[in-house]
Amino acid sequence: MAMNRKRLVYFERWFDPIAEQILGAHEDIELVRLLYADPQDDTWSSLHTACGYQVSARTELQEPWFGNAALLARCPNMLALSSAGAGYDVIDVDACTASGVIVVNQSGTNSEPVAEHAIALMLGLTKKIGLTHRAMLTSKANDRLLLSGNNIKGKTVGIVGIGNIGRLTAKFCSIFDMRILAFDPYLTEAQVAARGAQKVDFATLLRDSDFITIHCPRNAETVGLFGATEFAQMKSSAYFINTARGKIHDEAALIAALRARRIAGAGIDVFDFEPPPPDHPLLHFDNVMATPHIAGGTVETLRDMSEAAAEQWIALLRGRVPPRMVNPEAWPLYSDRFERIIGFRPDALEADPA
């Protein structure tokens with residue numbers, strides 16, 4: 001029997017209420033707000049009948065509501081999971097694919113502010129903005145020349161992952177006449193050049209960069225990508241920037257490198273556990289600028305992400321191919337399940353052109 005109203009659930013709130021306004025105007029979608037404080041039995045009851053689940057960002061998401069196999073096992077009608085932003089590491093994509101569940105994200109909607117934030121951290125560190133501000137508060141700025149920073153013009157930046165965000169970062173760095181290197185094993189030399197950078201191997205990027213900025217996803221390949229060995233290969237005058245995801249760098253190794261002055265400093269927007277406690281060591285170095293995973297969270301972008309997510313849900317629940325699908329290989333099994341649950345078959349997935 002066809003399902004007239006498709007239940008879409010989410011916890012607490014969207015990044016911006018525009019999503020609720022858009023989705024609430026469609027009678028064929030039942031938008032259900034869940035609260036982390038509600039009894040789990042009630043929440044599981046809502047999820048059991050849901051066709052879609054908008055998964056919160058890692059900073060807000062609580063157990064046991066991650067998009068994993070255990071959750072899918074209790075949600076027989078679940079057709080799709082959507083991440084709040086571009087990252088989707090809170091969702092087990094392999095488990096979803098095996099179950100015929102589509103995963104979508106909001107890739108591309110927050111590229112601009114994350115790239116801007118990376119540049120802001122680079123400038124803040126090399127100009128010693130955080131350090132000089134604290135010096136003024138503690139009457140340690142009497143000899144201002146001792147607090148002199150450096151130019152970034154002509155310096156070398158190494159970009160790890162030159163996708164949507166990395167490409168914009170390269171564009172912004174070019175304004176400062178920087179030499180731009182990129183390590184991205186999934187792109188050819190020509191593709192990297194078209195994005196404004198020189199493709200290099202990882203060792204060269206570590207050795208030659210004055211700034212290293214991370215713009216790759218967190219997955220099995222990138223967890224622990226930067227550890228003690230990698231920090232030891234960087235210039236002692238280099239700065240490390242991560243606005244991507246926690247655990248791509250080893251926090252203990254970074255702390256050790258900073259204490260030993262093996263690198264000049266770090267700009268960190270992401271942590272292993274978020275938000276980090278006030279006594280976290282990285283928050284107490286003079287040569288570290290830290291922010292609470294807010295790089296992509298500008299007012300404008302939060303609205304854009306929420307609007308994009310809502311429009312993608314409408315397309316998906318009406319049987320259209322979503323524009324930001326993570327696991328297209330799940331589409332055949334998903335299509336069978338969609339037809340059984342919703343009552344009609346979704347659009348065919350067009351093959352990639354040869």
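The values are calculated or read from the model by the stated rules, or taken from the named source; none is laboratory data. Treat the numbers as computed from the prediction; the structure is a model and nothing was measured. When we count neighbours, we look across all protein chains shown, and the Cβ atoms used for this are built from the backbone with ideal geometry, even at glycine.
Criterion applied to R303, R245, R324, R262 was being of a type in the set (K, R) and crowded, with 20+ Cβ neighbours inside 10 Å, and the one residue passing it is R245. Of the numbered criteria (1) under 24 Å from L81 (Cβ atoms); (2) free of Cβ contacts under 8 Å to residues at least 24 places away in the same chain, the one L283 fails is (1).
Every residue, every condition in (1) surrounded by 15 or more Cβ atoms within 10 Å (Cβ to Cβ); (2) in contact (Cβ under 8 Å) with a residue 24 or more places away in the chain; (3) within 25 Å of S111 (Cβ to Cβ), yes or no:
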position	(1), (2), (3)
G196	yes, yes, yes
K199	yes, no, yes
D210	yes, yes, yes
A220	no, no, yes
K235	yes, yes, no
F240	yes, yes, yes
A253	yes, yes, no
L258	yes, yes, no
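Summed over segment 301-332, residues that are under 25 Å from H117 (Cβ atoms) and small (G, A, S) total 4. Within segment 150-182, the set of residues being part of a helix (DSSP H, G or I) and among the aromatic types (F, W, Y) comprises F172 only.
The single condition among (1) over 18 Å from N4 (Cα atoms); (2) more than 25 Å from the chain's Cα centre (by Cα) that P323 does not satisfy is (2).
Considering segment 317-337 alone, what residues qualify as being hydrophobic (A, V, I, L, M, F, W, C) and in contact with a Cys (Cβ under 9 Å, 6 or more places away or on another chain)?
Correct list: L317, V326, A330.
For segment 33-149, the helices (runs of 4 or more DSSP H) that sit wholly inside it and include 1 or more residues that are closer than 29 Å to R167 by Cα and either at pLDDT 95 or above or in contact with a Leu (Cβ under 7 Å, 6 or more places away or on another chain) (or both) are 93-99, 111-126.
The residues on offer are G161, G154, and the sole one that is small (G, A, S), crowded, with 20+ Cβ neighbours inside 10 Å and either out of contact with any Ser or Thr (no Cβ under 6 Å at 6 or more places or on another chain) or not assigned by TED's automatic domain parsing to the domain that holds A264 (or both) is G161.
Of the residues making up segment 253-269, those that are under 13 Å from H280 (Cβ atoms) and among the β-branched types (V, I, T) are I255, I268. Taking into account only those residues within segment 121-145 that are farther than 24 Å from I268 by Cβ and among the aliphatic types (A, V, I, L, M), which is surrounded by the most Cβ atoms within 10 Å (Cβ to Cβ)? Looking at the filtered set, the residue picked out is A141.
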